[in-house]
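What follows is one structure encoded as structure tokens, with my remarks underneath.
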Amino acid sequence: DDSCVVGWSYGGYVSLFAATNTPTQFNCYVSIAGVSDINAILEDTRASETAQMVDNIMVGDRDSEKGKAHLEAISPIASFGKLKRPTLLVHGTGDVVVPDDQSEAFYKAAKEYNLPVELLLLENGTHSLDSNPNRKQAFDRVINFVKANIE
């Protein structure tokens, strides 16, 4: 059966995690406003709300060497080289919950190795993509991407 993983926010992280940890299980992967590097987002002053969420779900000290190593190990960017199937990253440049450099860093790393990754940046787009033109552009691209990879 043909299928793709599509996720937004935490779901975007899950999609990227699946893309790098089960790289051939699905036809494609889509991350909308997803986290790719947990340690980097914890140091990003714009993302204090996201850091608080990580603190709420993590057991242990995220500032210890062991904690940092664990967060790196579960960050998709640490395994970007395992990417095998088409992956689309969608991110708003005005996202303060998960800043767009999370998607840009993953994209640049994967693109450098000619891996199947695409990036759609939406000018001034928020985490919710609450501007209708941004949302329409994002959904049109996601729908076309998924259709192209499952038909």
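Please specify each residue of the range 111-127 satisfying the condition of being under 16 Å from Val5 (Cβ atoms) and either part of a strand (DSSP E or B) or among the hydrophobic types (A, V, I, L, M, F, W, C) (or both).
Val117, Glu118
Among the residues of the range 66-73, is any at pLDDT 85 or above and touching a Ser or Thr at 6+ places or on another chain (Cβ under 8 Å)?
No, the conditions are met nowhere in the range 66-73.
So Asp130 clears everything in (1) closer than 19 Å to Leu16 by Cβ; (2) assigned to a loop (DSSP other than H, G, I, E, B) except one condition, right? Which one?
Condition not satisfied by Asp130: (1).
Among the residues of the range 83-104, is any farther than 19 Å from Gly11 by Cβ, more than 15 Å from the chain's Cα centre (by Cα) and surrounded by fewer than 16 Cβ atoms within 10 Å (Cβ to Cβ)?
The answer is yes, given that some residue of the range 83-104 is farther than 19 Å from Gly11 by Cβ, more than 15 Å from the chain's Cα centre (by Cα) and surrounded by fewer than 16 Cβ atoms within 10 Å (Cβ to Cβ).
Is there any pair linking a residue in the range 124-151 that is over 15 Å from His91 (Cβ atoms) to one that is polar (S, T, N, Q) and surrounded by 17 or more Cβ atoms within 10 Å (Cβ to Cβ), with Cβ under 6 Å and at least six apart or on different chains, and which?
Matching pairs, first to second residue: Asn149/Asn27; Ile150/Asn27.
When the range 105-126 is examined, which residues are found to be crowded, with 21+ Cβ neighbours inside 10 Å, under 23 Å from Leu42 (Cβ atoms) and not aromatic (Phe, Trp, Tyr)?
Within the range 105-126, Ala110, Gly125 meet the criteria.
Go through (1) polar (S, T, N, Q); (2) more than 10 Å from the chain's Cα centre (by Cα); (3) crowded, with 17+ Cβ neighbours inside 10 Å and name the single condition Asn21 misses.
Result: Asn21 fails condition (3) only.
Taking the condition of being farther than 22 Å from Ile38 by Cα and either among the charged types (D, E, K, R) or more than 17 Å from the chain's Cα centre (by Cα) (or both), how many residues in the range 114-142 meet it?
The qualifying residues number 13.
The values are calculated or read from the model by the stated rules, or taken from the named source; none is laboratory data. What you see is a predicted model, and the numbers here were worked out from it, not measured in a lab. Heads up, the Cβs are rebuilt from the backbone with ideal geometry, glycines too, and the neighbour counts pull from every protein chain shown.
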